[in-house]
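K.L.:
Have a look at this one before I ask anything.
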């Protein structure tokens, strides 16, 4: 492996990491607006990566995840329990109808309740998931799977179809996605962004990923432009 590429990091497989940072899924109440969700943050910004890069979006970031990827930049172990009524009060303050459910791992949450309430209000729901939890059909408008099986060799990707496959490249062979990529309309290769390294290292890694895309034309390049712009 070239010095220009990051080393493939061997992490122990933990099907569910420390249960203390997995929020309990509360039972659905008679009033869905009382349904409680673990919220790390909600904010209005511009999508910085993947197919919808550049598009204004509302981001709802949930607490809890079933994986622990070394490059993850999200503090998903610290959240506030907020009911759906309060969530709606927050998101309706922004002039935007596209919502991105992210995390942590948003597929751990009660997607059915979110879909049944927010979509009739005119919101388009997208999800960014690691794919380890299968998502019920017809509940979301856009499914982006970013698999982490390059880090966890025994992880099963259960969500094998969707709109967007976004692979974080850390030096792995693209052959491992030969079957998975058939289930997705759009396929993106995204270089890992290592905040512990300098601009020069990350720049070289980006160029290496770019060359990989040029040699594998069924993939498109995705960059985390929001990190370069220093915005959420």
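The values are calculated or read from the model by the stated rules, or taken from the named source; none is laboratory data. Here the structure is a predicted model, which is why all the values come from computation and not from measurement. Because the Cβ atoms are built from the backbone with ideal geometry, glycine has one as well, and the counts that use them run over all protein chains shown.
K.L.:
Can you name the condition, by its number, that residue 43 falls short on among (1) over 20 Å from residue 163 (Cα atoms); (2) touching a helix residue (DSSP H, G or I) at 6+ places or on another chain (Cβ under 9 Å); (3) loosely packed, with under 15 Cβ neighbours inside 10 Å; (4) touching a residue at least 12 places away in the same chain (Cβ under 8 Å)?
P.N.:
(2)
K.L.:
Collect the residues in the stretch 53-65 that are part of a loop (DSSP other than H, G, I, E, B) and buried (at least 19 other Cβ atoms within 10 Å of the Cβ), keeping them in residue-number order.
P.N.:
Filtering the stretch 53-65 for residues part of a loop (DSSP other than H, G, I, E, B) gives 53-55, 63-65.
The answer is 63, 64, 65.
K.L.:
May I pose another question? Of everything in the stretch 188-228, what is touching a residue at least 60 places away in the same chain (Cβ under 8 Å), closer than 25 Å to residue 175 by Cα and in a loop (DSSP other than H, G, I, E, B)? Give them in sequence order.
P.N.:
Within the stretch 188-228, 192, 193, 194, 222, 223, 224 qualify.
K.L.:
Within the stretch 68-79, track down each residue that is surrounded by fewer than 20 Cβ atoms within 10 Å (Cβ to Cβ) and out of contact with any helix residue (DSSP H, G or I) (no Cβ under 6 Å at 6 or more places or on another chain).
P.N.:
Residues satisfying the conditions are 68, 69, 70, 71, 72, 73, 74, 75, 78.
For (1) at pLDDT 75 or above; (2) touching a strand residue (DSSP E or B) at 6+ places or on another chain (Cβ under 8 Å), each residue gets a yes or a no:
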site	(1), (2)
2	no, no
27	no, no
33	yes, yes
38	yes, yes
55	yes, yes
66	yes, no
71	no, yes
90	yes, yes
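Per-residue answers, yes or no, for (1) crowded, with 19+ Cβ neighbours inside 10 Å; (2) out of contact with any helix residue (DSSP H, G or I) (no Cβ under 6 Å at 6 or more places or on another chain):
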{"site": "116", "(1), (2)": "no, yes"}
{"site": "124", "(1), (2)": "no, yes"}
{"site": "127", "(1), (2)": "yes, no"}
{"site": "137", "(1), (2)": "no, yes"}
{"site": "147", "(1), (2)": "yes, yes"}
{"site": "153", "(1), (2)": "no, yes"}
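K.L.:
Test residue 95 against the stated conditions and say whether it is modelled with pLDDT under 95, out of contact with any strand residue (DSSP E or B) (no Cβ under 7 Å at 6 or more places or on another chain) and assigned to a loop (DSSP other than H, G, I, E, B).
P.N.:
no
K.L.:
Kindly indicate whether residue 179 is touching a strand residue (DSSP E or B) at 6+ places or on another chain (Cβ under 9 Å) and surrounded by fewer than 20 Cβ atoms within 10 Å (Cβ to Cβ).
P.N.:
no
K.L.:
In the list 87, 82, which residue meets the criterion of being touching a residue at least 40 places away in the same chain (Cβ under 8 Å), crowded, with 19+ Cβ neighbours inside 10 Å, in contact with a helix residue (DSSP H, G or I) (Cβ under 9 Å, 6 or more places away or on another chain) and not in a loop (DSSP other than H, G, I, E, B)?
P.N.:
87
K.L.:
Go through the stretch 182-227 and give me each residue that's farther than 22 Å from residue 47 by Cα, surrounded by fewer than 14 Cβ atoms within 10 Å (Cβ to Cβ) and touching a helix residue (DSSP H, G or I) at 6+ places or on another chain (Cβ under 9 Å).
P.N.:
Answer for the stretch 182-227, where residues must be farther than 22 Å from residue 47 by Cα, surrounded by fewer than 14 Cβ atoms within 10 Å (Cβ to Cβ) and touching a helix residue (DSSP H, G or I) at 6+ places or on another chain (Cβ under 9 Å): 216, 218.
K.L.:
From the list 187, 119, which one is in contact with a strand residue (DSSP E or B) (Cβ under 7 Å, 6 or more places away or on another chain), closer than 30 Å to residue 84 by Cα and modelled with pLDDT of 95 or more?
P.N.:
119
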